[in-house]
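The structure under discussion appears below in the form of C-alpha cells.
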Amino acid sequence: MSSSTPLNTTIAFIGGGNMASAIIGGLVRSGHPASTILVIEPSSEQALRLRAQLGVQAESAAGPALSAAGVVVWAVKPQVFQAAVAPCAPYVSQALHLSIMAGIPSTAVAQATGSARVVRAMPNTPALIGQGMSGLFASPAVTLDERLQVEQVLAATGQLLWVGKEAQLDAVTALSGSGPAYVFYLLEAMIQAGVELGLSAEQSRTLAQQTFTGSAALAAQSSETPEVLRQRVTSKGGTTYAAISTLEARGVKLAFVRALHAAAERAKELGEEFGKA
C-alpha cells in the first residue's frame, strides 16, 4: 500500500484539537477526500474552523454518520475518554480504532468501543509541522494491512516507530511524547544565560535554536553515539569541559533521567485512572 494512495475509507476523529488537525491536514494534503473525513468536535468554533480550513465534515455530537467510518481516531484528553466514548460506542464497533490518548490502554478502548482492533499511538507536538515522532503499538487483532492503514493516517506527522509491548508506550511517552518540553526547557535556560552574558534575547534565541537543530541533525547523520560526539566537543580544561563538569557536579544527568522515569510513571497512572470501564 503506497503512502501516496488515499485510504479507501471514511475516517472519523473524536476530538478536533491541534493534533487531530495536524493529522487531518496531512491526510487532505496527501489526497484523502475531505468529504470522507468526519470530526466530532463539541466546540462550535473549532468545528467551524475545521470545515472552513480543511473542508471536512464536523459535528458537535456523535450520531449515525459514525457508522460509515472504517477508521476511528481518538484524539481527546484521556480524562474525558469515558464521557466521549459513551455516545460513540453504538456506531463504531465495526471500525479499526487509532488512539492518540496518553495512558489509556488498548483493552480499555476495545471494551468501550466493542472493537478488538486497536492501535495506540504516542505522537509529539512537532507533528504539527510534520517533524514529529510517534510510537505505535497494535493489539493482536490488528492485521498487517490495518497497520499499514494506520501508517498512512499518520504519515504526514513525521517518523513512526512500532513497539512490541504496550507497556513500552509509557517509555515512549516519557522520552518523545513529553520530549519537546525538555528541549524547550533547555532552550529557555540557554537563552536566559545568553542574555545574562550580554547578548540580546533575539541573538540568544537564534544561537540556541540553531545549535539544537544542527546538533540533532549531526547526531542523526553520524554513526557515532551521542556520548562520543559530546566527548569530541569537550577538550579537557576547555570551555565545554567547564560547562559539562558543572552539570555533572550538580547531578543534572541523573536528575534528567529521574524526570523521565517520573513521566513514564505518570503515563502508567493515567491508564489506571482513566482507562477503567
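Structural remarks
- Identity of the residue in segment 71-122, under 21 Å from Thr143 (Cβ atoms) and among the charged types (D, E, K, R), that ends up surrounded by the most Cβ atoms within 10 Å (Cβ to Cβ): Arg120
- Count of residues meeting criterion [modelled with pLDDT of 95 or more and in contact with a Phe, Trp or Tyr (Cβ under 8 Å, 6 or more places away or on another chain)] in segment 255-277: 2
- Residues that are more than 16 Å from Ala121 (Cα to Cα) and part of a helix (DSSP H, G or I) within segment 13-25 comprise just one, Gly25.
- Meets criteria (modelled with pLDDT of 95 or more, touching a helix residue (DSSP H, G or I) at 6+ places or on another chain (Cβ under 7 Å) and either assigned by TED's automatic domain parsing to the domain that holds Ile191 or in a helix (DSSP H, G or I) (or both)) for Ala242: no
- Only strands (runs of 3 or more DSSP E) whose full extent lies in segment 63-151 are considered here, and the ones with at least 1 residues that are closer than 17 Å to Trp162 by Cα and either touching a Phe, Trp or Tyr at 6+ places or on another chain (Cβ under 9 Å) or at pLDDT 95 or above (or both) are 96-99, 118-122, 132-138.
- In segment 143-170, the residues that are closer than 25 Å to Gln94 by Cα form Cβ pairs under 8 Å with partners that are in a helix (DSSP H, G or I) and among the basic types (Lys, Arg), at six or more places apart or across chains, as follows: Trp162/Arg147.
- Among residues of segment 157-199, those that are β-branched (Val, Ile, Thr) and within 12 Å of Ala267 (Cα to Cα), counted: 2
The values are calculated or read from the model by the stated rules, or taken from the named source; none is laboratory data. Keep in mind the model is a prediction, meaning the values are calculated, not measured. Glycine also receives a Cβ, built like all others from the backbone with ideal geometry; neighbour counts cover every protein chain displayed.
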